[in-house]
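These notes are about the structure you will find just below.
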Ligand SMILES: *[C@@H]1O[C@H](CO)[C@@H](O)[C@H](O)[C@H]1NC(C)=O
Ligand SMILES: *[C@@H]1O[C@H](CO)[C@@H](O)[C@H](O)[C@H]1NC(C)=O
C-alpha cells in the first residue's frame with residue numbers, strides 16, 4: 001500500500017516536470033564593461049499549458065541594499081521595459097517571437113552597476129519555471145605604462161615596472177624580450193610574470209626592447225620599454241655627444257635658412273626693380289625695431305596696433321615665426337626628426353641668426 005502511494009506521488013511529481021521548463025542551464029556570465037551581455041533563457045511548453053504566456057526578468061543587484069527589480073516584462077503580447085532606471089534602454093528581448101520558446105535578453109553597454117543575479121521567470125498556467133544567471137562585469141586592462149624606476153647604469157640596481165591605469169583583478173603579467181636573442185636574462189625568470197622586475201648589478205647585456213602584457217579574463221593590454229644599460233662614465237659622454245650633435249645641426253639649419261632667405265630676397269628685389277612697383281614704405285623706427293624684427297612680413301597690420309597690444313602680439317609671433325620658418329625648410333635633411341622641437345631651436349639660439357634677415361626683409365618691401 002505504501003509502495004503504491006509512493007508510486008502515485010512520483011507520478012504526480014513527474015507530471016509537473018513534464019510541463020513548462022526552462023532548458024538553459026544556470027550559469028555565470030562574464031563580460032567587459034561597455035560590451036553586450038546575452039542572458040539566454042530558452043523554454044519548452046507542454047500541451048497542458050493553456051494560460052496566457054507571461055515572461056518576467058528580475059534583477060537582484062549585488063548591492064544588497066537594493067531589492068529585486070523587474071527589468072522587463074512580456075504580458076498580453078506586449079513588452080514593458082520601463083521599470084528600472086539604471087537599465088533604461090539597455091535591456092531587450094533578443095527574439096522577435098517570444099512564444100516560440102526564447103525569452104533571452106541582451107543587456108547592452110554594460111556598467112559595473114549591472115553586476116547581479118538575473119532571474120528569468122516564465123509562466124503559462126499551470127506551468128511556471130524560473131532560472132537564475134549571475135552576471136559579472138569586468139574592466140579590461142588599459143592605459144598600461146612601462147617604465148624604469150632607477151638609473152640604468154652598469155652595476156646598478158633598478159626596477160622595470162608595468163602599470164595598467166585600470167583593469168579588474170586578477171591581473172596577469174607577462175614580460176618578454178623583443179630584441180636580440182629574445183631571451184630574458186636568466187636572473188629575471190622568476191619575475192617574468194610579476195608587475196615589477198628587480199634588476200640587480202645590471203650588465204649591458206640587459207639592454208634591449210621589452211614588452212609587458214597585462215591580461216585579465218576579459219581583455220589584455222601591452223606596453224613597450226627600451227632599456228639601455230651603459231657605463232656610468234659613458235652616460236656623460238653620450239649626453240655631451242648628443243648636445244654637440246644638436247648644436248652642429250642647429251648651425252647647419254640656420255645657415256641653410258639664412259642662405260635661402262637671402263636668395264629669395266634677391267629674387268624678390270630683382271622682380272620689384274624690374275617691374276618698378278616698389279612702394280615707398282619708411283623703414284621701421286628704431287624704438288620699435290625689436291618688436292618688428294621678429295614679426296617679419298606681418299608688419300602691414302601693425303599700423304593700427306597700440307604699443308601695449310603689440311607687445312603681446314610680438315611675443316606670440318616670436319614663438320610662431322621661427323617654427324614656421326623651420327617647417328618651410330624641408331630641404332635640410334640634417335633636421336633630426338621630432339627630437340628637436342622648433343621652440344627648442346629658438347630657445348637654443350637659432351633666432352638670433354635670423355633676426356638680421358627679418359629686419360632687413362622688413363626694410364626692403
Ligand atoms: C545580443 O548580443 C549578442 C552579443 O552578445 C549579439 O551577437 C546579438 O546579435 C544580440 N542580439 C540582438 C537581438 O541584439
Ligand atoms: C656585479 O657583476 C660583476 C660581473 O658582472 C661582478 O664582478 C661583481 O662582483 C658583481 N657585483 C655584485 C655586488 O654582485
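The distance separating the Cα centre of segment 114-128 from that of segment 67-88 comes to 12 Å. Counting every alpha-carbon pair across segment 63-110, the share separated by more than 12 Å comes to 65%.
Compactness of segment 115-227 was expressed as the Cα radius of gyration divided by 2.2 N^0.38 Å, which yields 1.65.
Shape class for segment 66-146: prolate, because the ratio a/c of the largest to smallest gyration tensor axis (alpha-carbon atoms, square roots of eigenvalues) is 1.5 or more and a/b beats b/c. Cβ crowding within 10 Å ranks 239, 55 as 239, 55, fewest other Cβ atoms first.
Every number here is computed from the coordinates shown, using simple stated rules; none is lab data. Because the structure is a prediction, the values reported are computed rather than measured. For neighbour counting, all protein chains shown are included, and Cβ atoms are generated from backbone atoms with ideal geometry for every residue, glycine included.
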